[in-house]
Amino acid sequence: MRPRLSALCLLAVAVTACAATAERGAVASPAASTAAPVDSRVVFPQSVQQGALVFGKVPTGSTVRYGARTLRATPYGTVVFGVGRDETGPVSVQVVLADGSARDVAIAVTPRDWPVENIRGMPPKTVEPPPEIAARIEREQARVTAARVRDDDRADFAQAFVWPVQGRISGRFGNQRVYNGIPKSPHSGMDIAAPTGTPVLAPAAGVVTFAAPDLYLTGGTLLIDHGHGVSSNFLHLSRIDVKVGDRITQGQVVGAVGATGRATGPHLHWGMNWFDVRIDPLLVLERTK
């Protein structure tokens with residue numbers, strides 16, 4: 001079964017839906033814009049799940065902080081941040097309005113169950129790599145991490161995300177992975193089983209920030225930045241059809257499913273991040289329901 005968002009989270013999403021529409025280019029008529037009152041509400045969900053991408057709405061001109069970061073706000077007051085897999089909460093958001101008044105928002109974090117996935121048949125050198133391979137992996141992962149520091153003033157993240165491929169979910173975000181009997185890090189994304197060569201579509205618009213065909217662990221690897229620190233990564237690709245710097249539209253073919261890198265069969269690994277915080281793509285898809 002797919003994880004379900006809480007009713008309160010869905011309520012908050014509904015409040016921000018108008019802002020998301022505006023980010024995608026909707027223009028109000030002059031009469032409507034002059035008659036509309038200023039929205040002074042601070043709206044965040046009361047609770048979220050571990051691994052959620054959290055949307056909020058603040059009055060224009062507000063300063064918003066979450067942890068050590070000052071959140072970028074869109075012209076319509078939409079802010080976004082990620083809650084990690086192991087966050088226990090409550091998390092705190094500090095909002096300073098344009099008039100200098102401050103509000104602290106506490107958001108409860110609902111825990112999730114994280115099953116253990118035992119994966120057999122992996123090449124031993126991909127599970128316990130020799131020193132020279134381990135050094136290569138570290139260098140490659142540092143390049144990927146560097147591509148996630150962007151904080152572009154684009155609101156592509158406000159789109160209703162779509163599935164990059166259709167298929168069976170063969171691996172879920174957050175599940176503990178055990179390769180050949182050796183415990184490893186929790187799964188960082190969602191695996192979707194599909195035949196090699198299946199076109200991979202951009203789940204939302206963005207800009208390509210990383211593209212490499214042959215990383216040791218992840219094979220064909222592609223990152224698309226959706227703005228405000230939100231990004232998607234696609235791993236094990238058999239083909240990459242775009243290059244760094246390309247502006248991507250939602251639904252555009254960006255590559256093809258494969259089994260490159262550490263993979264036991266063809267599938268798409270779709271991961272999402274808010275900067276260095278890993279988030280669950282399935283929750284992002286569920287947000288629009």
Dimensions of the chain along principal axes (Cα, Å, largest first)?
-> 64, 37, 35
Would you please give the residues with an amide H less than 5 Å from that of VAL48, counting only those at least 5 places away or on a separate chain, with H modeled from the backbone geometry?
-> ALA108, VAL109, THR110
Do the sum for the chain: with -39,500 (n - 2.57) for every DSSP H run of n ≥ 4, divided by all residues, what is the mean residue ellipticity at 222 nm, to the nearest 500 deg cm²/dmol?
-> -5000 deg cm²/dmol
Mind listing the phi-derived Karplus ³J(HN,Hα) values for the stretch 86-92, rounded to whole Hz, using 6.51, -1.76 and 1.60 with θ = phi - 60°, and x for any glycine or proline?
-> 9, 5, 9, x, x, 9, 10
Leading residue at positive end of dipole, the chain (Cβ point charges), from ALA204, PHE173, VAL91 = PHE173
So what J values fall out for the stretch 124-137 if you push phi through Karplus, 6.51 cos²θ - 1.76 cosθ + 1.60 with θ = phi - 60°, rounded to Hz, Gly and Pro as x?
-> x, 6, 8, 8, 10, x, x, x, 5, 6, 4, 5, 4, 4
Going 7 Å from the Cα of ASN175 toward and past its Cβ, which residues in the stretch 79-100 have a backbone nitrogen under 18 Å from where you end up?
-> 85-86
Just grab the label-to-label distance for ASP241 and THR110, each label 7 Å out from Cα along the Cβ direction, in nm (one decimal).
-> 3.7
Hey, what's the per residue convex hull volume over the C-alpha atoms of the stretch 116-286, in cubic angstrom?
-> 101
Using modelled backbone amide H atoms (1.01 Å from N, in-plane), which distant-in-sequence or interchain residues come within less than 5 Å of GLY189's amide H?
-> GLY174
Expressed in Å to one decimal, the Kirkwood Rh of the stretch 196-289 from all distinct alpha-carbon pairs is 13.2
How do 107-118, 212-223 rank on mean C-beta neighbours within 10 Å, highest first?
-> 212-223, 107-118
Rounded to the nearest 0.05, what FRET efficiency do MET122 and THR88 give with R0 = 41 Å and r taken as the Cβ-Cβ distance? Could you check?
-> 0.85
Ordered by residue, what ³J(HN,Hα) values in Hz, to whole numbers, does the stretch 261-266 give under the Karplus form 6.51 cos²θ - 1.76 cosθ + 1.60, where θ = phi - 60° and Gly and Pro are x?
-> x, 7, 8, 9, x, x
Would you please give the residues with an amide H less than 5 Å from that of VAL257, counting only those at least 5 places away or on a separate chain, with H modeled from the backbone geometry?
-> GLY197, THR198, VAL200, SER238
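Any read-out appearing in this document is the output of simple, stated calculations on the displayed coordinates, not a laboratory observation. A quick note: this is a predicted structure, and the numbers were derived from the prediction, not measured. Because the Cβ atoms are built from the backbone with ideal geometry, glycine has one as well, and the counts that use them run over all protein chains shown.
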